Structure formats: structure tokens, C-alpha cells
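All remarks here apply to the structure that follows.
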Amino acid sequence: MPAFSIHTIATWLGIPTPTRHHVVQYFSIDSRAITNPAETIFFAIKTASGNGHLFLADLAAQGVRCFVVQQGEPLPVLPSDATILAVENVVAALQTVAARHRQQFHYPVLAITGSNGKTVVKEWLYQLLQNKFDIVRSPKSYNSQLGVPLSLLQLNSNYNFAIIEAGISEKNEMQALANCIAPTIGLLTNIGDAHNAGFANHREKALEKLSLFTHAEVLFAPYDTLQSLEIDVRKLLGPKQYITYSLVESTESTYQITIQKQVSHSLLEIRSTNEVFKITVPFTEDASLENCISCILVGLYVGMSAMELQAGLQSLQPLAMRLQLVKGLYQSTIINDAYSNDWVSFQIALRYLKQQAAQAPTIVVLTDMLDDSLPKQERYQKVANELLQTGVQQLWFVGQDGVFLEPLVAGKITTRFFDNTAALLAGFAATQFAHSYVLIKGARKFALDALMPLVEWQQHQTVCTVNLSALAYNLQQYRQRIPAGTQIVAMIKASAYGAGSVEVAKLLAYHKVNYLAVAYADEGVALRQAGVELPIMVLNVEEASFHLLVQYRLEPELFSLPIVKAFLRYAESQQLTLFPVHIKVNTGMNRLGFDTPELPDLVALLTATNTLKVLSVFTHLVASDDDNFDAFTQQQRASFQHICEYLATQLPYTFWKHASNTGGIERGFFGTDTMVRLGIGLYGVSKYLSLHPVLSLTTTIAQIREVAAGESVGYSRAQIVTKPSKIATIRIGYADGFMRSLSNGEGFVYVEGVLAPVVGRVCMDMTMIDVTHVPNITLQSKVEIFGTHLPVTQVAEWANTIAYDVLTHIHHRVPRVYIHD
């Protein structure tokens with residue numbers, strides 16, 4: 001990262017120059033991710049879901065001394081040597097600084113936008129062009145109103161080409177990004193359904209995205225898409241060089257491309273007025289082919305030959321663009337990021353390691369950093385600083401640059417150095433990673449992913465992928481809907497609805513939810529043993545677990561007079577004082593909770609001693625998500641309000657009140673609640689909001705066979721095929737959580753872009769599907785049980801159940817893989 005004078009930043013922002021002289025190198029909007037406080041300037045952003053100003057005192061205590069704040073926002077007392085820049089709009093200020101910094105550089109800046117494929121195209125272009133240019137690019141998926149300026153602030157004179165991606169979700173967002181990026185080259189990947197809610201139609205969305213390229217010199221775009229949306233891009237954007245492609249015969253596009261798909265690759269014939277050539281690419285899936293074409297056109301524009309492109313494209317792979325967290329052997333946890341190793345992605349990966357590991361031992365497996373923006377001595381000094389500040393205990397280094405790093409960490413971190421990956425693998429034993437969190441971080445050329453089969457605990461081809469970034473996004477959607485200051489209880493019972501309670505809890509702690517809630521004490525114990533320190537509410541309390549509640553600081557829900565009396569006796573025997581408890585009252589669910597006539601006896605027990613303290617009183621709304629029962633919901637609300645008013649007059653302290661669950665939050669049934677409970681919505685299931693799916697269940701094909709008309713498939717000859725059929729056997733059954741009620745055509749799976757019905761009965765470990773109509777089906781085809789393309793709610797409907805049931809049925813033998821953008 002380049003260095004910035006605080007005086008320069010103030011000048012760019014048009015505000016008075018501060019008296020103190022600070023030089024900063026890091027720009028931060030996240031108070032949890034500060035690694036070099038003395039060299040960091042923090043932008044305190046205030047939104048509906050959070051306020052960065054609340055963390056200024058904590059940041060100052062860490063050593064941060066430079067702050068950009070919103071005018072008029074209350075500030076804490078900060079150290080006398082702090083510099084505070086007050087602006088009208090902090091986000092606009094960050095964008096202004098990035099735009100002014102961008103103006104200092106005159107090398108090509110390629111901006112990529114579109115509904116899908118932005119990050120993949122960016123990374124593939126980086127791989128294809130890195131031998132031709134010194135490239136700076138957006139980290140991961142940094143393409144938002146905040147991500148774009150943070151990406152641009154990486155630019156410095158050591159680079160000679162930039163690739164920046166830009167994403168929007170509604171109208172009138174792109175102009176700010178266009179002002180920041182000022183691209184000289186533009187690339188539109190496609191226009192699809194992503195972020196439909198923010199636009200009237202696809203045409204409006206395309207016009208907004210194309211506004212990024214108003215002042216670009218060159219634009220790459222899919223001609224067929226523009227034509228289908230009736231957009232005359234030349235009339236819209238004016239004179240510039242337009243390079244377009246069409247998959248149909250068109251005399252208007254720059255290139256006409258014909259695709260011939262084979263089993264494991266595709267042949268592209270690329271025609272223009274001047275030439276015709278063919279390129280083989282290692283993909284058959286439409287989205288990957290579309291991304292390849294974008295890369296080919298840019299490669300041709302910058303002077304790559306067809307032969308150079310052919311060689312480069314063969315090395316491309318479908319990218320794991322997210323950090324992957326999996327369970328390892330010998331109680332280890334593995335974070336796999338063996339795909340790139342530049343400075344920014346290294347920082348992101350270390351931050352994620354620290355977030356997940358908490359107090360557990362940490363190991364980093366690292367390769368040479370292929371980033372020439374800094375001299376090696378300076379580069380590895382920064383790497384060493386990051387490793388030491390993160391508290392890494394062991395470093396395993398692969399490559400020739402270990403000579404730069406070794407003296408910087410000697411005696412501070414246990415180290416092992418290897419010339420290449422083969423040398424590491426030769427003497428490796430998985431026990432060396434036992435009980436540790438391990439980050440595998442390396443440039444793709446080192447092929448560190450060869451280490452994964454040696455350390456993963458489960459390697460089944462049926463996998464449940466948990467997108468932690470999607471979960472964080474969903475949390476923010478709900479935060480924007482609850483009243484300011486309202487506490488959030490995140491429900492992570494039943495192993496976080498199948499997602500894995502420990503990993504989800506750590507993410508929620510990072511995003512500062514106030515409470516966690518589990519069903520049973522042993523779930524809370526597991527979280528405490530994993531280093532989770534958030535307050536934890538236990539909803540189903542048993543006398544046999546009272547000692548665990550106390551030992552592990554778990555807070556019980558008390559729902560009846562017998563359970564209150566029993567817990568009081570135990571608490572008094574342990575000489576406890578003001579032990580936190582939560583009281584559940586029944587307003588219509590008729591499951592657990594105190595009925596109104598029982599409240600005087602409850603009050604008498606609670607006020608007789610100071611053994612217990614009620615932190616919250618709550619009830620359960622029966623049908624808050626169903627407008628057919630709004631009258632009953634309002635009746636519950638009124639009953640709960642009366643109960644809380646009564647208890648407030650009887651207890652000598654205040655308490656939180658909560659009735660709203662996910663449905664109640666979505667529909668605004670807050671009443672006088674000071675706390676809400678967020679459950680299924682966290683995981684992407686909602687009737688009312690546009691959320692991101694968190695869990696996806698996928699599997700693979702074991703065998704494909706031809707079955708003649710009249711033959712049966714599966715047990716008990718439950719289904720007879722009526723015509724010659726192609727039947728695929730997939731590696732999932734009811735023991736994995738694929739419900740037996742989906743048998744005999746009741747359920748479907750998603751494969752190669754279409755739905756394929758279940759044939760015959762779902763077996764314990766296998767299921768048969770009809771793929772007669774599925775194009776390009778092979779043993780390598782990925783099968784989605786539910787996820788991005790097939791919503792879990794649809795699968796639940798086919799199975800005549802609810803999404804909760806489908807998610808919590810995923811068996812523990814199915815490995816969870818956690819991904820994080």
C-alpha cells in the first residue's frame with residue numbers, strides 16, 4: 001500500500017489542514033480488522049445497521065490516531081495526539097480520497113461490471129496477463145461503494161495495469177464508482193437476474209451498469225445481450241472503440257463465436273473480418289465459457305496471440321474465490337486459500353484465521369508472495385509484521401524467498417522452510433497440525449491444494465457448503481429493519497440449523513450480535529470450549545445440566561414453577577448471586593412458558609432472594625409470518641405487553657423484552673421489544689426478504705446407465721420407466737438427509753442447468769435420477785440438491801415439510817465446507 005500524508009488527505013477533502021503530521025498506509029472501515037494501528041486511518045461510517053463512531057475509543061486504545069468522522073456525530077474523548085477530519089459524508093469522503101489518488105496514475109485501468117462473473121473474469125485476466133503487465137487488482141469481491149475505493153487505494157507506481165470490479169444493487173449507484181475508477185477500458189460481462197429488486201427491468205439495470213464506461217476509451221460487451229435489451233451502445237456512450245461478440249451470426253459484432261462442447265472441454269471458433277482461429281478451453285458450462293470469451297477478447301486487445309491465449313487458457317480452473325474452512329484430521333481446522341498470494345488477500349486470510357481460531361494454536365503454510373509492487377526486503381518485513389501481530393505460532397514456508405523472512409521471525413515463531421511443495425509433502429504427517437487452526441495460503445503455481453487430501457477429516461463427494469459471507473449479508477438485512485439499540489439474539493440451535501454452530505457463532509461474534517441461543521446445555525458447552533465468549537441463552541433446561549450452566553456461564557430459560565424452584569435450590573447450594581436467567585411466558589403457543597395466573601408465585605420466588613436476576617422476559621409468536629393470523633399475533637402482543645408491565649412493577653430492576661422472531665422482524669411486529677430473536681432468516685429462508693442462501697447441498701454422479709422401457713429402477717420395483725431412459729445414480733441418500741418422501745418423481749435435483757426427477761425410491765446412501773433430457777451430462781457433472789439454483793423452500797414443498805426440517809436433516813457424516821468472501 002502507498003503512504004499518504006494526512007495533510008494530503010485533508011486537502012483532497014477540502015477541509016482545513018490538521019496541525020499534526022501523520023503518515024498513513026492503511027485505510028479501514030472495520031474496527032475489528034486493524035492490524036497496523038499506528039499507520040491506519042479509520043473512516044467511521046454510520047448506517048442503519050451500525051455506527052463506526054461507537055468504536056473510536058477502542059481504536060484509539062489500540063493505537064489508531066487518524067479518524068475521518070461525520071460532522072455533528074457525538075465523539076468520545078480521544079488522545080491529544082489524535083487527528084480528526086470531520087466531513088459531511090464519510091462514504092463520499094472515502095470515495096473522494098480514492099478518486100484523487102487514482103488521478104495520479106496514467107496506466108490502463110480496466111473496469112469490470114455485470115450481473116455475474118466479475119470476480120472470475122478479473123482473476124482469470126490476472127492469470128493470463130501477469131507475464132505481460134505488473135497488475136494491481138481488486139481483492140476478492142471488493143466491488144461495492146466501499147470495496148471499490150479500498151481497491152483503488154492500492155494503486156502505486158510499481159504497477160502498470162489495474163483491474164477493478166464494480167457492482168451495484170440499485171439505480172443511481174454507478175456514478176460514484178465511475179468517478180472513483182475513471183476506467184480507460186470497460187468490460188460488461190452479462191446482464192442477469194442478480195439484484196433484480198433494485199431495478200424495474202434488465203434494460204434499466206444494463207443502462208445503469210453501462211454508465212460506468214461513459215469516459216472509457218474501449219468497451220468490451222456481449223452484442224447479443226445489448227441487442228436483446230434494445231440498447232444502442234454507440235448512441236448511449238458516444239465515440240470510443242467497441243469490441244463486441246455474438247454467439248449467433250451477426251455482421252454488427254466485432255467477433256462471431258461458435259462453440260462446440262465436448263465431454264471435458266469446448267472448442268471455440270472465433271471469427272472477425274480479418275481472421276478466423278480456434279481455441280480450446282477446459283470448460284463446458286455456459287457461465288465459464290462466457291467468462292472465457294471476455295478474457296480472450298481482452299487478451300487479443302492487449303496484443304496476445306492466439307497461441308499465447310491457448311496456452312494461458314489451459315491453465316485456468318474454476319476458481320475457489322472464497323476462503324474455505326473444513327474440519328481436519330486430529331481435531332484440526334483447515335482454512336484453504338491456496339489460490340493466490342498477494343499482499344491484500346494475505347491480510348484478509350490472516351484476519352479470517354484470527355477470527356476463527358480465537359485462542360487456539362495457529363499455523364500458517366505460506367509460499368513466496370508473487371507481488372512485485374515492493375522490494376522483497378520491504379515486502380517480507382510487512383509479512384513478518386502481520387504474522388507477529390496476528391499471533392501465529394508456526395510458519396511453514398514454501399519457496400525461495402524464505403531467506404528474506406527467516407531472520408525477521410527467528411525466535412518469535414516456530415518455522416519450517418521448504419524449497420518446493422514436493423519437499424513439504426515428502427515428510428508431512430497430519431499429526432503435525434493436530435489441535436490447531438491452519439491457514440494454507442499460497443500462489444496457485446505452488447499447488448498447495450495437494451496438501452488438502454492429507455489433512456481433511458472427511459472427503460466425501462457429497463458436501464454441504466456454508467457461505468458465511470451470505471450469512472453476514474442476511475444479518476445486515478435484518479439489522480436494517482430493527483429499531484436502533486435493539487439487542488439481537490441469534491438462534492444457533494440444532495447445530496445452527498445444520499450449518500455448524502461453532503463456525504456460525506464465531507462469525508456472529510465477529511459481527512457483534514448480542515446473544516446466542518441454543519436448545520440444550522451441551523450445545524452451549526461446545527461453544528464455550530471452542531472459545532466463543534458471547535452470552536449464551538439455553539432454551540430447554542434440564543435439572544441434570546444445572547452444573548453445566550454454572551460452570552460454562554450459560555443462561556437458562558426458566559418456563560415453569562418447578563424448574564424455577566429446582567434451579568433456585570441448585571443456585572443457592574452453590575452460593576450464587578444474581579445469576580442471569582430468562583423468563584418465558586405463554587401467550588398462545590401453549591408449548592412452554594408461564595401462564596398469567598402463575599406470575600405472582602414466580603415473582604415471590606424471584607424476589608425472596610438475590611440468587612437470580614431476570615435479564616429478559618419473552619414469549620413466542622405463533623404465526624408472525626402469516627398475515628392470515630395477524631389478529632392473533634396482535635392478541636399475543638397485547639397479552640405480552642400486559643405481562644411485561646406487571647413484571648416491571650414487581651421486579652426491582654429493568655429487563656429486556658422480546659417476542660419478535662424472524663417473521664416478526666420481517667413484518668415489523670416489534671411492539672415495545674428491546675430484543676429480537678433471529679433464526680431461520682439468518683440462513684437465507686424468508687417469505688418477505690430477498691436473502692442469500694447460506695447452505696447448499698451438492699453431490700456427484702457415481703454411474704450413468706441406459707434403462708429400457710418397461711424396466712424398473714430401485715427397490716421394490718416402485719417405479720417403471722415408460723420409455724428408454726438415461727438414469728444417473730448420485731451419491732446421496734436418506735442417511736445423508738435426502739428425504740425418502742422425495743422418491744418416485746416427487747422430488748427433483750438441479751444438474752447441468754435443468755431439473756432432473758428422482759426415479760424409484762431414495763436409498764440409504766444412493767438415489768437415482770432421470771437425466772434423459774439433461775444436456776452434456778457426464779460423471780463430472782455437479783448435482784445440486786438445494787442451494788443457489790434450487791431453493792431449499794422448493795425442496796421442502798416437494799417433501800411436504802418445511803425448510804427447517806430439510807436443513808436440520810443434513811447428517812453429520814456430510815462434511816461442511818465453510819466459504820468466506
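What ranking of S157, S141 comes out by heavy-atom accessible area, probe 1.4 Å, highest first? Before the final figure, lay out the partial values.
Details: S157 100, S141 45 Å².
Result of the area sort, largest leading: S157, S141.
Can you show me the helix-derived [θ] at 222 nm for the chain, built from DSSP H runs with n ≥ 4 at -39,500 (n - 2.57) apiece and divided by the number of residues, rounded to the nearest 500. Please report the intermediate quantities before stating the final value.
Numbers: 27 runs with 252 residues, N = 821.
After summing the helix terms and dividing by residue count, I get -9000 deg cm²/dmol.
For the stretch 23-85, what is the per residue volume of the convex hull drawn over the alpha-carbon atoms, in cubic angstrom? Present the calculation step by step, with values, prior to reporting the outcome.
On the way: hull volume 4.9 nm³, N = 63.
Dividing the Cα hull volume of the stretch 23-85 by its residue count gives 78 Å³.
Find the relative contact order for the stretch 485-591 and round it to a whole percent, using C-alpha pairs within less than 8 Å whose residues are 6+ positions apart.
20
Looking at the calculated P(r) for the stretch 364-434, what percent of the C-alpha pair distances fall above 20 Å?
Percent of Cα pairs beyond 20 Å in the stretch 364-434: 28.
Of N196, P724, Q359, which is farthest towards the positive pole of the chain's charge dipole, taken about the Cα centre with +1 and -1 on the beta-carbons of Lys, Arg and Asp, Glu respectively?
Going by the Cα projections, it comes out as Q359.
Would you compute the Debye intensity of the stretch 29-142 from its alpha-carbon atoms alone, equal scatterers and no solvent, and pass along log10 I(q)/I(0) at q = 0.13, 0.20 Å⁻¹ to two decimals?
Summing over Cα pairs of the stretch 29-142 leads to -0.68, -1.08.
In whole Hz and in residue order, list the ³J(HN,Hα) couplings for the stretch 663-672 that follow from phi through the Karplus curve 6.51 cos²θ - 1.76 cosθ + 1.60, θ = phi - 60°; x for Gly and Pro.
x, x, 5, 4, 9, x, 7, 8, x, 9
What are the residues whose amide H is under 5 Å from the amide H of L85, where those residues sit 5 or more places off or on another chain and H is modelled from the backbone?
The list, which skips near neighbours in sequence, is F67, V68, V69.
With a 1.4 Å probe and every protein chain left in place, tell me how much accessible area R20 has, in Å² to the nearest 10.
Per-residue accessible area (R20): approximately 90 Å².
Would you tell me the accessible area of E406, worked out with a 1.4 angstrom probe on the heavy atoms of the protein chains, in Å² to the nearest 10?
90
Let a ≥ b ≥ c be the square roots of the eigenvalues of the Cα gyration tensor of the stretch 114-166; is it rounded (a/c under 1.5), or, if not, prolate (a/b larger than b/c) or oblate?
Judged from the Cα gyration tensor, the stretch 114-166 comes out oblate (a/c at least 1.5, b/c at or above a/b).
Tell me, what is a quarter of the convex hull surface for the C-alpha atoms of the stretch 115-206, in nm² with one decimal?
Approximately 5.9 nm², given one-decimal rounding.
Please work out how much accessible surface S169 shows to a 1.4 Å probe, ignoring ligands, DNA and RNA, in Å² rounded to 10.
50
Quick one: what are the phi-derived ³J(HN,Hα) couplings along the stretch 682-699, Karplus 6.51/-1.76/1.60 with θ = phi - 60°, whole Hz, x for glycine and proline?
Computed from phi, the couplings for the stretch 682-699 are 4, 9, x, 10, 7, 7, 10, 10, 8, 10, 9, x, 9, 9, 9, 10, 10, 8 Hz.
If you average the sequence gap of Cα pairs under 8 Å that are 6 or more apart and divide by the length of the chain, what percent do you get for the contact order? List each step's numbers first, then the result.
On the way: 1668 pairs, mean separation 66.4, N = 821.
Result for the chain is 8 percent.
Binned at 5 Å from 0, what are the whole-percent values of the Cα-Cα distance distribution for the stretch 257-296, short to long?
6, 25, 36, 21, 8, 3, 1
Largest first, how would K209, K240 line up by accessible area (1.4 Å probe)?
Ranked list, largest accessible area first: K240, K209.
Which order do you get for Y570, Y159 if you rank them by accessible area with a 1.4 Å probe, largest at the top?
Y570, Y159
List, largest first, the extents of the alpha carbons of the stretch 726-786 along their principal axes, each in whole Å.
28, 19, 19
Looking at the stretch 501-578, I'd like the Rg to Rh ratio, where Rg is from alpha-carbon atoms and Rh is Kirkwood's inverse mean 1/r.
We get a ratio of 1.00 for the stretch 501-578.
Can you pull the percent of the stretch 285-369's accessible area that's carbon plus sulfur, 1.4 Å probe, other chains left in place? Don't skip to the answer; put the middle values down first.
Working: 1500 of 2870 Å².
Within the stretch 285-369, the accessible surface is 52 percent carbon and sulfur.
For the stretch 153-280, what mean projected area does the convex hull of the alpha carbons give, in nm²?
That works out to 10.4 nm², a quarter of the Cα hull's surface.
For C763, list long-range residues whose amide hydrogen, built 1.01 Å from N in the peptide plane, is under 5 Å from its own amide hydrogen.
When sequence neighbours closer than 5 places are left aside, the close amide H contacts are Y734, M768.
Taking the Cα centre of the stretch 244-356 as origin, sum charge times position over the Cβ atoms of Lys and Arg (+1) and Asp and Glu (-1), and report the length of that vector in debye to the nearest 20.
It comes to approximately 600 debye.
Cα-based Rg of the stretch 535-648 per 2.2 N^0.38 Å, rounded to two decimals?
Taking N as the residue count of the stretch 535-648, the ratio is 1.12.
Size of the stretch 672-795 along its principal axes in angstrom, Cα-based, largest extent first?
Projected onto its principal axes, the Cα set of the stretch 672-795 covers 65, 30, 21 Å.
Taking the Cα atoms of the chain alone, what are Rg (to one decimal) and Dmax (as a whole number) in Å?
Values for the chain (Cα only, Rg and Dmax): 28.8, 93 Å.
Using the Cα centre as the reference, give the magnitude of the dipole from point charges on the C-beta atoms of the chain (Lys, Arg: +1; Asp, Glu: -1; all else neutral), rounded to the nearest 20 debye. Could you put the intermediate results ahead of the total?
Values: 60 positive and 68 negative charges, 154 e Å.
Dipole of the chain, to the nearest 20 debye: 740 debye.
Would you kindly derive the ³J(HN,Hα) couplings of the stretch 227-241 from the backbone phi angles with the Karplus curve 6.51 cos²θ - 1.76 cosθ + 1.60 (θ = phi - 60°), listing them in order in whole Hz, with x for Gly and Pro?
5, 5, 9, 6, 10, 8, 5, 5, 5, 6, 10, x, x, 5, 7
Return a whole-number percent for the relative contact order of the stretch 614-703, with Cα pairs under 8 Å and 6 or more residues apart as the contact set.
It comes to 26 percent, rounded to a whole number.
The values are calculated or read from the model by the stated rules, or taken from the named source; none is laboratory data. Note that this is a predicted model, so its numbers are computed, not measured. Reconstructed Cβ throughout: ideal geometry from the backbone, glycine too, with neighbour counts over all protein chains shown. Keep in mind that these areas ignore ligands, DNA and RNA; they rest on the heavy atoms of the full protein, side chains included. Shrake-Rupley method; radii C 1.70, N 1.55, O 1.52, S 1.80 Å.
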